[in-house]
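Here's the structure, in structure tokens; my notes come after.
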Amino acid sequence: MAARPIATLTVSFGLVSIPVKLFSATEASRAISFNLLHNTCGSRLKQQYVCVKEDVIVPREDMVKGYEFEKDQYVMFTPEELKLLEEAGTHTADIAEFVPIESIDPVYFDKAYYLAPDKGGAKPYALLAKALRESKRCALGRWAARGKQYIVMIRPVANGNEDGLVMQQLLYAGEVRSIKELEIPDTEVKDVELKLAQQLIEQQASDKFDPSTYTDEVRARVEAAVQKKVEGQEITMVDAPEGGAEVIDLMEALRASLDKKKAPVPAKAETDSRKAPRRVQQAEAAPKKAAKR
């Protein structure tokens, strides 16, 4: 099914305006979520708000928002007052500057959107995408939506043989903690240790990131468990994986890692004859137990 735009806006830089369509780049709806139920009857639970002073349930029409400026001291705002403080949506992403892509630390990355040209925007869209790619820069600007103002980065992304654009919301400086807050001791790294570590990196190096090689195993387990529950089956417990051994000798650990990577991969016939994992054995044993009942 073709993707549907969630909004339209105009990207502007200088005197150039590019009408674009906005698409969500991620799918939050694919996340597995659970509802809270009453354990005795299985009915859905309803959330209620209780006043801690009067110990009564407060309906939504009697609620206001408050900001705690001191311990248990609040200033209250009405919905109308908060509305006046919101940023008016402009439907425009105004580019303020162009910076090298590598100059932006990914720790600032927030929600991402795909941009596609809208009517009359194909030519300037292609021009901006190609210019950004060849200059190895990205565009920084501001975008107002949903009552808030965002910093956005517009960067090129490969789209087959053509260049596409991604608009990435960025966090503000005050929303990102500095790594200087951490206590990282100044530790000497020996040349021989560094050389072994670099050899290990080269053995496991890839030319590019392929997200399809990574799967969410926890999600798969949850989905399988949900299906078993739907079919009326019981979920069997599995042994927790053993924790990794404590690294005592760094050099020995590096050499062992390199030797492990150099070891030949067993033939398929040999791997098939190996003992099946405990989880698989339990899954195969479950129907047999059911048959004995």
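Could you tell me which of the pairs K21/K119; K21/K123; K46/K229; K123/K208; K119/K148 are separated by over 18 angstrom between their Cα atoms in the structure shown? Result: K46/K229; K123/K208; K119/K148 exceed 18 Å.
The magnitude of the dipole of the stretch 1-156, with charges of +1 and -1 set on the Cβ of Lys/Arg and Asp/Glu and taken from the Cα centre, is near 980 debye.
The Cα atoms of the stretch 37-90 give a gyration tensor whose axes a ≥ b ≥ c have a/c of 1.5 or more with a/b no greater than b/c, which makes the shape oblate.
Highest mean packing first, where packing is the average number of other Cβ atoms within 10 Å per residue, the peptides 211-224, 34-47 line up as 211-224, 34-47. Between amide H atoms placed 1.01 Å from N, distances below 5 Å from A93 occur with T10, V11, S12, all of them 5 or more places distant or on a separate chain. A simple count of charges around L140, restricted to other residues whose Cβ falls under 12 Å of its Cβ and scoring Lys, Arg +1 and Asp, Glu -1, yields +1.
Overall, the accessible surface of the stretch 51-187 at a probe of 1.4 angstrom is composed of carbon and sulfur to the extent of 54 percent. Between H91 and A25, the FRET efficiency estimated from the beta carbon spacing at R0 = 30 angstrom works out to 0.95. Maximal additional length on extending the A253-E223 stretch stands at 7.1 nm, based on 0.36 nm per residue less the C-alpha distance.
The values are calculated or read from the model by the stated rules, or taken from the named source; none is laboratory data. Predicted model, so just to flag it, every value in this text is computed and none were measured. Counting neighbours? That spans all protein chains shown, and the Cβs are built from the backbone with ideal geometry, glycine included. Heavy atoms of the whole protein, side chains included, go into the accessibility calculation; ligands, DNA and RNA do not. Shrake-Rupley method; radii C 1.70, N 1.55, O 1.52, S 1.80 Å.
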